[in-house]
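Q: Just dropping this structure here.
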Amino acid sequence: MTDTNDTDRLGSIENLIIDMDGVLYRGNTLISGAQEFIGFLREKGISFLLVTNNSTRTVRQYVTKLARMNIAVREEELLTSAEATGTYLEQVAPPGTRVYAVGEDGIELALESRGFVLSDGTDAAYVVVGMDRQFTYAKLATAALTIRAGAVFIGTNPDKTYPAEVGLMPGAGAMLAAIEAASGTAPLIIGKPESVIFDLALARL
């Protein structure tokens with residue numbers, strides 16, 4: 001981090017898109033060098049956007065989590081797959097559209113804050129699925145039935161696992177695979193490695 005050739009090695013880089021899970025931290029454990037890396041970018045005046053496929057938390061919750069690890073970031077320096085999904089849906093569907101959401105705080109807030117109505121039945125026009133640590137057979141059945149009734153199937157991200165202190169845990173992709181098997185329909189993916197989230201990140205930067 002302190003090598004005199006650091007700036008030379010960066011070349012013409014002006015902005016960075018940086019992952020979070022497994023890059024800055026694993027679960028609630030900070031990865032060695034992460035705090036120094038963010039400080040280095042600020043010192044060199046290099047803009048960055050922290051982009052995560054994890055849709056469980058809100059942006060504010062991520063800011064708080066990072067602050068507990070002594071990494072200070074602003075909300076505008078964060079983009080989650082939940083926020084990217086909400087922004088995408090905002091571009092293709094009007095406020096008031098009913099959405100069946102399988103997920104946690106991040107995706108629910110991203111949808112509600114944009115005027116979408118969270119449905120608990122098969123009357124939804126969209127089924128949006130992110131990681132859900134309370135995933136049940138009932139949620140699987142409702143999602144599959146809603147998709148078979150004509151709803152558009154959207155996944156926040158395809159990650160089948162995510163890194164935690166105990167090892168690789170089931171991710172959103174595991175829920176998507178179950179719903180795809182039950183509904184016979186593949187989801188439209190918003191998060192990495194698809195282009196939607198990167199286009200939004202580039203526009204933000």
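Q: With the crude spin-label approximation of a point 7 Å out along Cα→Cβ, what separation in nm comes out for ARG74 versus ARG26?
A: Roughly 3.3 nm, to one decimal.
Q: If I fit a long axis through the Cα atoms of helix 81-92 and take the longest principal axis of the Cα atoms of the chain, what angle between them do I get, 0 to 90°, rounded to 10?
A: Long axis of 81-92 versus the principal axis of the chain: about 60 degrees.
Q: A further question follows. I need the chymotrypsin sites (Phe, Trp or Tyr not before Pro) found in the range 111-205, filtered to DSSP loop residues with at most 10 other beta carbons within 10 Å of theirs.
A: Within the range 111-205, no chymotrypsin sites (Phe, Trp or Tyr not before Pro) qualify (loop, at most 10 other Cβ atoms within 10 Å).
Q: How high is the FRET efficiency from ASP120 to LYS160, r the C-beta distance, R0 35 Å, rounded to 0.05?
A: Efficiency, rounded to the nearest 0.05: 0.85.
Q: With axes computed from alpha carbons, what is the tilt in degrees of helix 172-183 against the longest principal axis of the chain, rounded to the nearest 10 within 0 to 90?
A: Its long axis makes an angle of about 20 degrees.
Q: Here's something else I'd like to know. Taking the Cα centre of the range 105-169 as origin, work out the dipole magnitude from +1 charges on Lys and Arg Cβ and -1 charges on Asp and Glu Cβ, in debye rounded to 20.
A: That gives a dipole near 240 debye.
Q: What net charge is computed for the residues neighbouring ALA82, neighbours being all others with C-beta under 10 Å from the C-beta of ALA82, Lys and Arg scored +1, Asp and Glu -1?
A: -3
Q: Per residue, how many Å² of accessible area does the chain show with a 1.4 Å probe?
A: 49
Q: Continuing with the same structure: Shape call for the range 74-187 from the C-alpha gyration tensor, a ≥ b ≥ c root eigenvalues: rounded (a/c under 1.5), prolate (a/b greater than b/c) or oblate?
A: Taking the square roots of the gyration eigenvalues as a ≥ b ≥ c, the range 74-187 is oblate.
Q: Roughly what would the spin-label model give for ARG60 and LEU145, points 7 Å off Cα along C-beta, in nm?
A: Going by the 7 Å Cα→Cβ label model, 3.4 nm.
Q: How many percent of Cα pairs in the range 102-157 exceed 18 Å?
A: Within the range 102-157, distances greater than 18 Å cover 26 percent of Cα pairs.
Q: Looking at the chain, I'd like the Rg to Rh ratio, where Rg is from alpha-carbon atoms and Rh is Kirkwood's inverse mean 1/r.
A: Using Cα coordinates only, the ratio equals 1.02.
Q: Once Lys and Arg get +1 and Asp and Glu get -1 on their Cβ, which of ALA124, THR56, TYR25 lies farthest toward the positive end of the dipole of the chain?
A: Highest projection toward the positive end goes to ALA124.
Q: Another question, then. Please determine, in degrees from 0 to 90 and to the nearest 10, the orientation of helix 34-44 with respect to the longest principal axis defined by the Cα atoms of the chain, where the helix direction is its Cα long axis.
A: For helix 34-44, the angle is close to 60 degrees.
Q: Continuing with the same structure: Report, by chain and number, residues whose modeled amide H sits under 5 Å from the one on PHE48, excluding near sequence neighbours (fewer than 5 apart, same chain).
A: LEU16
Q: If the elastic network links every pair of Cα atoms under 10 Å, which of ASP132, ASP159, ASP120 fluctuates the most in the Gaussian network model of the chain?
A: Looking only at ASP132, ASP159, ASP120, the largest GNM fluctuation is found for ASP120.
Q: Given R₀ = 30 Å, what would the calculated FRET efficiency be for ALA186 paired with GLU14, taking r from the Cβ atoms and rounding to 0.05?
A: Step by step, r from the Cβ atoms, then E = 0.25.
Q: Could you list the GluC sites (Glu not before Pro) in the range 139-199 that lie in coil according to DSSP, counting only those with at most 10 other Cβ atoms within 10 Å of their Cβ?
A: When the GluC sites (Glu not before Pro) of the range 139-199 are filtered for loop state and at most 10 Cβ neighbours within 10 Å, GLU165 remain.
Q: When only DSSP loop residues count, what trypsin sites (Lys or Arg not before Pro) in the range 44-132 have their Cβ near at most 11 other Cβ atoms within 10 Å?
A: Taking the range 44-132 and a limit of 11 other Cβ atoms within 10 Å, the loop trypsin sites (Lys or Arg not before Pro) found are ARG74.
Q: Okay, helix-only estimate at 222 nm for the chain: each DSSP H run of n ≥ 4 adds -39500 (n - 2.57), divide by all residues, round to 500 deg cm²/dmol; what do you get?
A: Computed mean residue ellipticity for the chain: -11500 deg cm²/dmol.
Q: Right, next: Using a 1.4 Å probe and ignoring any ligands, DNA or RNA, find the accessible area of THR161 and quote it in Å² to the nearest 10.
A: 70
The values are calculated or read from the model by the stated rules, or taken from the named source; none is laboratory data. Nothing here was measured: the structure is a model prediction, and the numbers come from that model. When we count neighbours, we look across all protein chains shown, and the Cβ atoms used for this are built from the backbone with ideal geometry, even at glycine. The area values use the complete protein model at the heavy-atom level, side chains included, leaving out ligands, DNA and RNA. Shrake-Rupley method; radii C 1.70, N 1.55, O 1.52, S 1.80 Å.
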